[in-house]
1. Please work out how much length the chain gains when fully extended from A61 to Y102, using 0.36 nm per residue of separation minus the C-alpha to C-alpha distance, in nm with one decimal.
2. At a Cα cut-off below 29 Å, give the lysines reachable from K76, other chains included and same-chain residues fewer than 8 away excluded.
3. Within segment 76-103, name every residue whose backbone N is under 20 Å away from a label modeled 7 Å from Cα of Q1 along the Cβ vector.
4. Let me check something: with ligands and nucleic acids excluded, how do D62, D111 order by accessible area (1.4 Å probe), largest to smallest?
5. Take the Cα atoms of the chain, find their three principal axes, and give me the spread along each one in whole Å, biggest first.
6. Exactly which chymotrypsin sites (Phe, Trp or Tyr not before Pro) in segment 36-123 are in a DSSP loop and have at most 12 other Cβ atoms within 10 Å?
7. So if R0 is 22 Å, what FRET efficiency would D111 and Q13 give, r being the distance between their Cβ atoms, rounded to the nearest 0.05?
8. Rank G16, G50, Y32 by how far each Cα sits towards the positive end of the charge dipole of the chain (+1 on Lys, Arg Cβ; -1 on Asp, Glu Cβ) and give me just the farthest.
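The values are calculated or read from the model by the stated rules, or taken from the named source; none is laboratory data. This structure is a prediction, so every number in the text was calculated from the model and none was measured. When we count neighbours, we look across all protein chains shown, and the Cβ atoms used for this are built from the backbone with ideal geometry, even at glycine. Heads up: the accessible areas ignore ligands, DNA and RNA and are worked out on the full protein's heavy atoms, side chains in. Shrake-Rupley method; radii C 1.70, N 1.55, O 1.52, S 1.80 Å.
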Amino acid sequence: QVQLVESGGGLVQAGGSLRLSCAASGRPLSSYAMAWFRQAPGKEREFVGGMNWSGVSTYYADSVKGRFTISRDNAKNTVWLQMNSLKPEDTATYYCAASSRYYSAYSSSYDYWGQGTQVTVSS
């Protein structure tokens with residue numbers, strides 16, 4: 001079992017930045033591909049970006065490409081999502097997720113989920 005806890009969300013003005021953290025416990029994070037998803041009220045959960053177990057390979061949704069960056073430190077069992085140039089449409093609850101297989105844009109590929117952290121971007 002892997003427990004994931006997100007933190008770092010909050011209220012920020014458009015154009016600002018936030019850095020979300022996802023701390024893992026239970027098993028070494030190095031065994032898992034990781035991803036971030038988000039869900040806005042009334043909308044389906046959507047893929048934000050993913051990273052393979054080593055951090056060498058990453059993939060981002062077009063909506064965040066060039067603005068968001070995923071990183072990880074397996075020694076610290078932590079994954080981060082650096083969000084720059086935030087827009088009001090980035091407002092959502094952000095979730096990190098772990099997959100024992102591979103990273104993908106499909107939520108069904110992920111075995112473990114955090115509880116989410118709220119990000120609100122004001123215009």
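1. Details: separation 41, 0.36 × 41 = 14.76 nm, distance 1.65 nm.
Stretched out fully, the A61 to Y102 stretch lengthens by 13.1 nm.
2. Partners within reach: K65.
3. Output list for this probe position: 77-78, 96-101.
4. On the way: D62 125, D111 60 Å².
Result of the area sort, largest leading: D62, D111.
5. Principal extents (Cα only, largest first): 40, 26, 25 Å.
6. Details: sites: W36, F37, F47, W53, Y59, Y60, F68, W80, Y94, Y95, Y102, Y103, Y106, Y110, Y112, W113; in loops: W53, Y102, Y103, Y106, Y110.
Hits after loop and neighbour filter: Y102, Y106.
7. Numbers: r = 36 Å, r/R0 = 1.63.
With a Förster radius of 22 Å, E is 0.05.
8. Y32
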